[in-house]
1. Mind listing the long-range amide H neighbours of G213? Cut-off is under 5 Å, sequence gap 5 or more, other chains count too, H placed in the peptide plane at 1.01 Å from N.
2. Starting from the Cα gyration tensor of region 21-115, take the square roots of the eigenvalues, sort them a ≥ b ≥ c, and report rounded, prolate or oblate (rounded when a/c is under 1.5, otherwise prolate if a/b is larger than b/c, else oblate).
3. Could you give each residue of region 70-86 its phi-based ³J(HN,Hα) in whole Hz, using Karplus coefficients 6.51, -1.76, 1.60 with θ = phi - 60°, and x for Gly or Pro?
4. Each residue of region 175-183 in turn: what ³J(HN,Hα) in whole Hz from Karplus with 6.51, -1.76, 1.60 and θ = phi - 60°, glycine and Pro shown as x?
5. As a footprinting exposure proxy, order M60, M186 by other Cβ within 10 Å, with the fewest listed first.
6. Go ahead and run the numbers for FRET between Q183 and S51, Cβ-Cβ distance against an R0 of 41 Å, rounding to 0.05.
Amino acid sequence: MTTFFPMTKATLGLSITRESLCLVEIRRSWNRVTCRAIAERFLPPNVVRLSPTRPNIEDMNAFTHSLKSLVEHLSRPQSVALSLPDVCGRTTILTFSSLPAKQTEQDSLVRWKFQQDMNVVPDQTRFAYRVFSHSKEPTSPKRVLATAVQHDILEQYEQACLEVGLLPNSVGLSGLDACEYFQPTMQSLNQRIKNQARELTQEHLFVYFANWGFWFIAFQDNHPTFIRVKSLPLPRVHSQEHLVAETDSHASTLSEAPDIQHDTGNQVFDDYSPLQVNHVSNELAATLQYYFESQPHAPHDQVPIPLYVAEGLWHGDRLLPTEETVATLLATSSSYAPPVRISRVSDMLSPKLRRTILRSEPQMTSFSAFASAAVLS
């Protein structure tokens, strides 16, 4: 979302949730980024309370202690890319008939529009945006994907990092980072579908699941048209076999960290309950329903719309509804809802990266840390 020291690329990504801290070490080569090691620490209960409107860390000493134990085997200082839950910020899509050519004027206009639409106080947020415009249709409306996080929220996380020798050089939101990371994959699949269906336009949807909820976005011709961030806290689900992963035989930093210590206040869940699965299915269907009602589709349109899914939580696939379940839930919509084809882009990670992430207890919870380091630094 924002970069503070662009001359330094981070090789560490730190994902922060209400339950844990997950640190990922990456290695860069000329044409790819690979994951070297993953480690995680649980946080004691009530140390972090996620919110977009007030500071998140309620016990700075406990938070810093957990972070210090996570990085104690690293040489420091080191740059780090931070990944925060999307519910810590505000994200929206703005539409403009045109934008000023001068960058400073464009910045001012976009920020003003964001502040008006999202009811945020000027000068109290760190703000970033991206403009999407049709190069072949210069007179078409400009869409802007904009996001902001309050200064007092970011400053807490940055302060904790600095106290343990980590230098935050970028801050991202996990759903945005995951979407950015998977964009090349989705665009490649979209082009294949477009060629096969011979469609003039291409629509696709993306949803990122995490233990705080989900982040949903819709695209038309690779331009964002709809977004929703849903707070839907889920319990921690994991096996108890191992809680720190040595991922690469050459890794010599994070892999040397001691085993994760569980706080006795953290309850361990073996699986999601049917009630939780139904709740997630209903919320996703409600999101799709609202999207299709706000973006009407012709009843004769029977080409399935791709819904790409990425998970940032343990066994997130168990929460995913089937296409039949989605179709049944959408059948109650007051407007026509086209068929949806669900694809897990998490399955499309490179074989080595997938083995690395899936071998770790944090599993896909580590992905947002990896994505932040890969796309933001």
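1. Here the answer is L232, L234, since their amide H atoms fall under 5 Å of that of G213.
2. Since a/c reaches 1.5 but b/c is at least a/b, the shape of region 21-115 is classed as oblate.
3. Working through the residues one at a time gives 6, 10, 5, 8, 8, 6, 9, x, 9, 6, 9, 9, 8, 10, 10, x, 5 Hz.
4. 3J(HN,Hα) across region 175-183, in whole Hz: x, 4, 5, 5, 4, 4, 5, 8, 4.
5. M60, M186
6. For Q183 and S51, the calculated efficiency is 0.90.
Each reported figure results from applying straightforward, stated rules to the coordinates on display, with no laboratory input. Given the structure is predicted, the values throughout are model-derived calculations rather than measurements. FYI the Cβ positions are ideal-geometry reconstructions off the backbone, even for glycines, and counts take in every protein chain you see.
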